[in-house]
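These notes concern the structure reproduced below.
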Amino acid sequence: MEIETTRGGAGGEEGASKTSSEEIADLERRLRDSETLLEIGVALAGTLDLARVLELALRQAEDLCRAETSSIWELDDDSGELFFRVVRGKAAGSIRGLRVPLGEGIVGDVALSGEPAIVNDVHADPRWHGDSSTGFETRAILAVPLISRGRVIGVLQVLNPVEGSRFTDEDSRRMRLFAGPVATAIENARLYAAQKRQFVETVTALAESIEKRDPYTGNHVRRVVCYSVLLGTEMGLDDEALEHLQLAATLHDVGKIATPDEVLRKPSPLSEEEKEVMRRHPIDGEEIVSRIRDLRGVLPGIRSHHERLDGLGYPDGLRDREIPLEPRIIAVADTFDAMTTERPYRKSMAPSIAAQEIAAGVGTQFCPQVVAAFLQLYDRGEFTLQAGEEVIQSLSRNGRRR
């Protein structure tokens, strides 16, 4: 009896030891997951750049569940549709513009129900409508809702597990935990982007109201902004630099609020004395805008957009590399618009003639790199208001181009 009891006890100890080892391994795995999720949350909280937030979220989601690719769908509250905010992998190009009604398909069902879904064989699921891309085959989907402030704002999904053929309940648990900080980060970035849009719209309204004092330059601000961002895009400026350029171009003539009406509205050429008064507007503009802390970064574009590379510009007579890039770009945009706009004392030039004048000013009045970008756009037929507005609209979507 004793021997049997002892043997039974030993077996029990072995079983207990085995169970204990599994529990420890499980706890260690969960601890690693928690550390990873904490790191992800800190990283997501460290930026309000929505494009960066989303890209970071997808990379981490793929790593977390060892998936081939991933995507984030965002809910458009106005249309009741889900659209791809960002997608990674081979299928990205062909499905980027796809929209799915709420409640339709696997992703639409997850958004409507607010519940996660694991579909390890999409072809056996009646909600699956097939791949839009011939270059990518979806085998399995794990989708979780992105919930912020009690409402679904989108869906995060990963596709095709790399190791093994199935997503597991453990993968779903990880993704549900991950979705919380992702949703919060996305919502914060969206709110920040909306604030930025409102700020830009306010600044634009201010600039356009000032412009109305001059009856001969209708929509000049709008055109200069469009031309400037086109040039900046052609020159490879990143989104942040383009946003600065947009604001600087919007406010480049704000100093004219201090220009007397008899000078600003004169329907004939200005005298030398009147020209000196007009030439104060970059200085006045810089002084006005410098009082707004969030706009101090655009001051060079306001003060120096009438400078010339040969030093014959104003107000400071800067030469060559002394002139920052923003005012070099605005100078070309501003001059082209001035030459192609009718004034009471001067007929407008044909765009082709104005383009020749811009080219003739290389190295003396205008920066060679900016003129090269201008001519490339003009020769392709892309130096247009419509093209510029498309860039601006792209920038305004959550703060960055898609």
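The values are calculated or read from the model by the stated rules, or taken from the named source; none is laboratory data. Quantities reported herein were computed from a predicted structural model and do not represent experimental measurements. Neighbour counts are summed over all protein chains in view; Cβ atoms, including those assigned to glycine, are modelled from backbone coordinates with ideal geometry.
Things to note:
- Test: residue in segment 342-351 that is more than 30 Å from Ala194 (Cα to Cα) and in a helix (DSSP H, G or I): yes
- Qualifying residue in segment 298-320 (condition: modelled with pLDDT under 90 and either more than 26 Å from Thr364 (Cβ to Cβ) or surrounded by fewer than 22 Cβ atoms within 10 Å (Cβ to Cβ) (or both)): no
- Within segment 238-265, restricting attention to residues that are in a loop (DSSP other than H, G, I, E, B) and free of Cβ contacts under 8 Å to residues at least 60 places away in the same chain, the residue that is surrounded by the most Cβ atoms within 10 Å (Cβ to Cβ) is Leu251.
- Whichever residue in segment 135-176 is modelled with pLDDT under 85 and in contact with a Ser or Thr (Cβ under 8 Å, 6 or more places away or on another chain) and, among such residues, is surrounded by the fewest Cβ atoms within 10 Å (Cβ to Cβ): Gly135
- Selection within segment 264-280 - touching a Lys or Arg at 6+ places or on another chain (Cβ under 9 Å) and modelled with pLDDT under 90: Leu264, Arg265, Pro267, Pro269
- Scanning segment 212-220 finds one or more residues that are outside the structural domain of Leu146 (by TED's automatic domain parsing) and buried (at least 19 other Cβ atoms within 10 Å of the Cβ).
- Residue count for segment 140-195 under the criterion of being in a strand (DSSP E or B) and free of Cβ contacts under 8 Å to residues at least 40 places away in the same chain: the result is 7.
- Listed by first and then second residue, the pairs linking a residue in segment 348-363 that is without any contact (Cβ under 8 Å) to a residue 12 or more places away in the chain to a residue that is of a type in the set (Asp, Glu) and surrounded by 14 or more Cβ atoms within 10 Å (Cβ to Cβ), with Cβ atoms under 8 Å apart and 6 or more places separating them unless they lie on different chains, are Met349/Glu357.
- Screening segment 363-384 for residues that are crowded, with 17+ Cβ neighbours inside 10 Å and not in a helix (DSSP H, G or I) and picking the one that is nearest to the chain's Cα centre (by Cα) gives Phe383.
- Among the numbered conditions (1) within 24 Å of the chain's Cα centre (by Cα); (2) closer than 18 Å to Leu54 by Cβ, the only one that Arg149 does not meet is (2).
- Hits in segment 311-340 (condition: of a type in the set (Phe, Trp, Tyr) and outside any loop (DSSP other than H, G, I, E, B)): Phe336
- Residue pairs meeting the criteria (Cβ under 8 Å; at least 6 apart or on separate chains; first without any contact (Cβ under 8 Å) to a residue 24 or more places away in the chain, in segment 270-291; second part of a loop (DSSP other than H, G, I, E, B)): Glu274/Lys266; Val277/Thr259; Val277/Pro260; Met278/Thr259; Met278/Leu270
- Looking only at segment 266-297, and only at residues there that are crowded, with 16+ Cβ neighbours inside 10 Å and in contact with a Pro (Cβ under 6 Å, 6 or more places away or on another chain), the one that is farthest from Ala248 (Cα to Cα): Ile283
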